[in-house]
Amino acid sequence: MTAAADRAGRRLAVVFQQRTGSAAAHVRGLLRSGALGRPLVARCDTLWYRDADYFDVPWRGRWETEGGGTTTGHGIHQLDLLAHLLGEVDEVSGQAWRVGREIETEDVSTAVLRFASGVVAVALTSAVSPRQASAIRIDTERATIELEHLYGHGHAHWRLTAAPHVPAEEAASWAFPELETPSGHAAYLDAVYPALASGAPLPEVCAAPARSLEIVAAIYHSSRRGAPVAIRELRDDPAMRAAVRADVVDVRPGRRP
């Protein structure tokens, strides 16, 4: 899509609405400015609940028609926000699991992401979690960043905790701005439409349109390979980005390998 847009002289704006909102922009700014110190370790959870009736829809839970399982359909949004905050991913180790649903694709995935900056993150995506939550935690040299929400976030869903050695007055300067814009499609369209109409550069929420798809594809490829997958491999070989099917390990009772 990016190449096609370039050939046609058009601009490509792909929607990942979890990137939007004043809170995500504020945290991203703090990380990029160095105010919180170097990011060290992170976790990314998408713990949702989709029962058997949800998967009774004929096209769901099948590689041919849905293109992936809960990682593709659900977890990609939090993975995208994590990468929007922390930058490029170098390498992914992942595994796809089938733990509870009668489907062809995965209902759970686990992954370890190594970012170009050196940050190591663990990611858990689930479609079998009764108490639903979407969460990110990033530990830096000077603070812990926490987000917990479900399908959208505002300032109240985020928490910044300073490390013990950080002066209180400095930590107070990290406060979220008074003017709040919740995340969501409206925030995305409000940012993108004026740029498209005026010819101005697209906003940062449109950057790296393929990055999250590459992360998911790398999780699936790693599950097949049984070894880490470098993101550069996907960028060098377009065939690796198309119609990727994970090697799903079925651990349901009576079906364990």
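Taking LEU36 as meeting all but one of (1) of a type in the set (A, V, I, L, M, F, W, C); (2) surrounded by 12 or more Cβ atoms within 10 Å (Cβ to Cβ); (3) in a helix (DSSP H, G or I), write down the number of the exception.
(3)
Here is a check on your reading of the model: is ASP237 surrounded by fewer than 16 Cβ atoms within 10 Å (Cβ to Cβ) and within 26 Å of HIS74 (Cβ to Cβ)?
no
Based on this model, can you work out whether VAL192 counts as surrounded by 11 or more Cβ atoms within 10 Å (Cβ to Cβ) and assigned to a strand (DSSP E or B)?
No, not satisfied.
Restricting the search to segment 116-149, which residues are small (Gly, Ala, Ser) and either on the phi < 0 side of the Ramachandran plot or surrounded by 19 or more Cβ atoms within 10 Å (Cβ to Cβ) (or both)?
So in segment 116-149, the residues small (Gly, Ala, Ser) come out as 116-118, 121, 123, 126-127, 129, 133-135, 143.
ALA116, SER117, ALA121, ALA123, SER126, ALA127, SER129, ALA133, SER134, ALA135, ALA143 - these are the residues of segment 116-149 that are small (Gly, Ala, Ser) and either on the phi < 0 side of the Ramachandran plot or surrounded by 19 or more Cβ atoms within 10 Å (Cβ to Cβ) (or both).
I'd like to know if segment 230-239 contains one or more residues that are in a helix (DSSP H, G or I) and under 24 Å from VAL108 (Cα atoms).
yes
Just to be sure I understand the filter: pairs with C-beta atoms under 6 Å, separated by 6 or more residues or on different chains, first member in segment 239-253 and in contact (Cβ under 8 Å) with a residue 24 or more places away in the chain, second member among the small types (Gly, Ala, Ser) and in a helix (DSSP H, G or I). Which pairs pass?
Note: pairs meeting the criteria are ARG241/ALA217; VAL244/ALA217; ALA246/SER223; ASP247/SER223.
Take the residues in segment 148-159 that are touching a Leu at 6+ places or on another chain (Cβ under 9 Å) and in contact (Cβ under 8 Å) with a residue 40 or more places away in the chain; name whichever of them is nearest to ALA175 (Cα to Cα).
Among residues in segment 148-159 that are touching a Leu at 6+ places or on another chain (Cβ under 9 Å) and in contact (Cβ under 8 Å) with a residue 40 or more places away in the chain, the one nearest to ALA175 (Cα to Cα) is TRP158.
For ALA191, are the conditions met, namely being in contact (Cβ under 8 Å) with a residue 60 or more places away in the chain and of a type in the set (A, V, I, L, M)?
Considered against the rule, which asks whether it is in contact (Cβ under 8 Å) with a residue 60 or more places away in the chain and of a type in the set (A, V, I, L, M), ALA191 comes out as yes.
May I ask you to list pairs of residues, at least six apart or on different chains, whose Cβ atoms are under 8 Å apart, with the first in segment 210-225 being buried (at least 22 other Cβ atoms within 10 Å of the Cβ) and the second being of a type in the set (Ser, Thr, Tyr) and part of a helix (DSSP H, G or I)?
What qualifies is VAL216/THR71; VAL216/THR72; ILE219/THR71; TYR220/THR71.
Looking at segment 90-108, can you tell me whether even one residue there is out of contact with any Pro (no Cβ under 9 Å at 6 or more places or on another chain) and under 24 Å from TYR188 (Cβ atoms)?
No, every residue in segment 90-108 fails to be out of contact with any Pro (no Cβ under 9 Å at 6 or more places or on another chain) and under 24 Å from TYR188 (Cβ atoms).
Read-outs throughout are calculated quantities, based only on the coordinates presented, and are distinct from any laboratory measurement. These numbers were taken from a predicted model, which means no experiment stands behind them. Glycine gets a Cβ as well: all are built from the backbone with ideal geometry, and neighbour counts include every protein chain shown.
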